[in-house]
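*Asks:* What follows is a structure written as structure tokens; I'll ask about it next.
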Amino acid sequence: MASSRASCLVAALVAAAAAGAAPARAPAPLQLDGGEPIQLEADSTGFDYKTSTLVFHNVHIAQGALAIDAAEATATGLDFRDSHWLFRGNVRITIPDGSMTSDEARIGFAGNVIASADITGTPARFEQTRDKSVARGRASRIEYLPAAGTVRLTEDAWLSDGDNEISGQTFVYSVRDHSWRANPDEQGGQHVHITINPKKPDAKPAPKPDP
């Protein structure tokens, strides 16, 4: 029965994506491609009549390079043009150049796009692969706004660009240009701490032996 339901759900997801298909163009990092099927797998599923929400256990949602995994998920509907999802337990969001992990994630879909992702954890974490390094961050709460290309870290926030480290109560990281900013009125009277690690000198080639 669970397998049959899952198959029906996958078919509904594919139909929802196709209905929102847009003219051919390169998708944004978290854009759901209307021409590509969305795969949903779950150990079990059901419907909560009290809250009018769908419930999934051990769920995996994937389309192309985008994937979301969680122990449990509830959703207001299967139409990714307008729906809200709550993921709980070992949440992992995989995007083309990085990932986010947390205890809980609230994700809003609009027009077949992840419009917002609000993740919380002890702590919530994210990482982004760059040309020659990996940017990593953690905080009690991370808000990701794909349209703005920003990640907002709040409460015991920490960020490393691969070389240097910054910690504070709140700061915003741009995933587009790899920059960050910390507004003084958002620090709760605390200082922002920056650790600048010295760069290691390039290794010199070993001298050639005398002939």
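The values are calculated or read from the model by the stated rules, or taken from the named source; none is laboratory data. Quick caveat: nothing in here was measured; it's all calculated off a predicted structure. As a convention, Cβ positions derive from the backbone with ideal geometry for all residues, glycine included, and neighbour counts pool all protein chains shown.
*Asks:* Would you mind listing the strands (runs of 3 or more DSSP E) fully within the stretch 111-191 where at least 2 residues are more than 13 Å from the chain's Cα centre (by Cα), farther than 22 Å from Pro96 by Cα and not small (Gly, Ala, Ser)?
*Replies:* Those strands (runs of 3 or more DSSP E) span 113-129, 150-160, 165-174.
*Asks:* So, one more: Name the pairs: first residue in the stretch 153-182 and without any contact (Cβ under 8 Å) to a residue 24 or more places away in the chain and closer than 15 Å to Glu127 by Cβ, second residue of a type in the set (Val, Ile, Thr) and not in a loop (DSSP other than H, G, I, E, B), Cβ to Cβ under 7 Å, at least 6 apart or on different chains?
*Replies:* Correct list of pairs: Leu153/Ile142; Leu153/Thr170; Ala157/Thr170; Trp180/Ile166; Trp180/Val172.
*Asks:* So which of Ile142, Ile114 is among the β-branched types (Val, Ile, Thr) and at pLDDT 90 or above?
*Replies:* Every option except Ile142 fails the conditions.
*Asks:* Then there's this: Find all pairs meeting these conditions: Cβ atoms under 6 angstrom apart; at least six residues apart or on different chains; first residue within the stretch 85-101 and in contact (Cβ under 8 Å) with a residue 24 or more places away in the chain; second residue among the basic types (Lys, Arg).
*Replies:* Here the result reads Thr101/Arg92; Thr101/Arg125, each pair linking the stretch 85-101 to a residue that is among the basic types (Lys, Arg).
Yes/no per residue for (1) at pLDDT below 80; (2) in contact with a Lys or Arg (Cβ under 6 Å, 6 or more places away or on another chain); (3) in a loop (DSSP other than H, G, I, E, B):
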| site | (1), (2), (3) |
| --- | --- |
| Ser3 | yes, no, no |
| Leu9 | yes, no, no |
| Gly35 | yes, no, yes |
| Ala73 | no, no, no |
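*Asks:* Now a separate question. Test Ser52 against the stated conditions and say whether it is surrounded by fewer than 16 Cβ atoms within 10 Å (Cβ to Cβ) and over 20 Å from Tyr173 (Cβ atoms).
*Replies:* Yes.
*Asks:* Which of the following residues is surrounded by 14 or more Cβ atoms within 10 Å (Cβ to Cβ) and either modelled with pLDDT of 90 or more or in contact with a Cys (Cβ under 6 Å, 6 or more places away or on another chain) (or both): Arg81, Arg92?
*Replies:* Arg92
*Asks:* Please go through the stretch 128-139 and give me each residue that is surrounded by 16 or more Cβ atoms within 10 Å (Cβ to Cβ) and either over 14 Å from Glu165 (Cβ atoms) or polar (S, T, N, Q) (or both), ordered by number.
*Replies:* The answer is Gln128, and nothing else.
*Asks:* Scan the stretch 131-143 and tell me whether some residue there is of a type in the set (A, V, I, L, M, F, W, C) and over 21 Å from Thr170 (Cα atoms).
*Replies:* Within the stretch 131-143, none of the residues are of a type in the set (A, V, I, L, M, F, W, C) and over 21 Å from Thr170 (Cα atoms).
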